[in-house]
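Just below is one structure, and these are the notes that go with it.
The values are calculated or read from the model by the stated rules, or taken from the named source; none is laboratory data. Note that the structure is a prediction, hence the values are computed from the model and not measured. Here Cβ is always computed from backbone atoms with ideal geometry, including for glycine, and neighbour counts include all displayed protein chains. To get the accessible areas, we keep the full protein, side chains included, count just its heavy atoms, and leave off ligands, DNA and RNA. Shrake-Rupley method; radii C 1.70, N 1.55, O 1.52, S 1.80 Å.
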Amino acid sequence: MKTLGLIGGISWVSTAEYYKLINEGINEQLGGLNFARCIIHSFNYVDIKRNNDANDWESTLNMLSGAALHLQNSGAQAILLCANTMHMIADELQAKLNIPLIHIATVTANEISKQGLKKVGLLGTRFTMEQLFFTAKLKEQDIEATIPADDDDREFIHQTVFNELGKGLLKPETRERYLNIIDKLVAAGAEGIILGCTEIPLLIKSSDTAIPLFDTTLIHSRAAIDFAIGEI
């Protein structure tokens, strides 16, 4: 089994979910007492968010590069950034490594393509929704991504990710607002919805809506499992 290097703490809530999903998935496939070989570097989220709020992605890249190189030198054979937004600098980070970085947007695009969908809604932080690093990976597979048209909706998602979901706070009224935003995206032609922040799947479940949901945390974790046990 290959060793995974997880960069987390962004937030710890979703990092814990990654650890759970990866270990459960490996055990489901291999049975017995088989669980993940992994190394986790967990950041203090406030240090990352301070950089991002200042649009200082160079400092974030330096922090993540240091962590990733440490994991690589410690025996990790692939890197996972346990957050969608951190993939803003994923390509630059990959260039510094000698091991693969499993890109969350690429594996999500693969899953959408398997289902034959061509237009999906994207929910996430403002960085994920409004920058091109995620949607460009979708476009490579001829998938069109739409984001909430209302700036107030985008700001609501952005703020609740940090102020609620990233702290493990799951409020019914927040869930209802998210579902309302999803309904608007469906009305605009979305055939599925990407839960493009690793905390959002903690709030929104497939049972909440009839439209296909693409849980990036689960998809990313499954790709890591496939790598670890040698299927990719």
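Run the 1.4 Å probe and let me know the accessible area of Cys197, rounded to the nearest 10 Å².
Around 10 Å² of this residue is reachable by solvent.
What do you get for the angle between helix 151-163 and the principal long axis of the chain? Use alpha-carbon atoms, 0 to 90 degrees, nearest ten.
Orientation of helix 151-163: about 40 degrees from the principal axis.
In Å and whole numbers, how far do the C-alpha atoms of segment 73-190 stretch along each principal axis, longest first?
So the extents along the principal axes, rounded to whole Å, are 45, 35, 22.
To check you understand DSSP bridge types, tell me what percent of the beta bridges within segment 1-125 (both residues inside) are antiparallel, rounded to 5.
Taking every DSSP beta bridge within segment 1-125, about 0 percent pair in antiparallel fashion.
Lys119's amide H: which non-local residues (gap 5+, or another chain) put their own amide H closer than 5 Å, with H modeled 1.01 Å from N in plane and none for Pro or chain starts?
Hits under the 5 Å cutoff: Glu144, Glu191.
On a 0 to 90 degree scale, rounded to 10, what angle separates helix 104-114 from the longest Cα axis of the chain?
60
What fraction of the Cα pairs in the chain, stated in percent, has a spacing above 24 angstrom? List each step's numbers first, then the result.
On the way: 11146 of 26796 pairs.
Percentage above 24 Å: 42.
For a quick check: with amide H placed at 1.01 Å from N, whose amide H comes under 5 Å from Asn84's, ignoring anything fewer than 5 positions away on the same chain?
Under 5 Å from the amide H of Asn84 lie the amide H atoms of Thr198, each far enough along the sequence or on another chain.
On a 0 to 90 degree scale, rounded to 10, what angle separates helix 216-228 from the longest Cα axis of the chain?
20
Near the amide H of Gly9, under 5 Å away, which other amide H atoms are found, from residues 5 or more places off or on another chain, if H is placed in the peptide plane?
Placed amide hydrogens put Thr15, Phe43 under 5 Å from Gly9.
Where in the chain is the longest stretch that carries no trypsin sites (Lys or Arg not before Pro) classed as loop by DSSP and with at most 15 other Cβ atoms within 10 Å?
Maximal segment without exposed cleavage sites: 1-95.
Could you provide, to the nearest whole Å², the per residue accessible area of segment 1-157 with probe 1.4 Å?
45
For segment 26-66 and segment 140-162, what is the separation of their C-alpha centers, rounded to whole Å?
About 23 Å separates the Cα centre of segment 26-66 from the one of segment 140-162.
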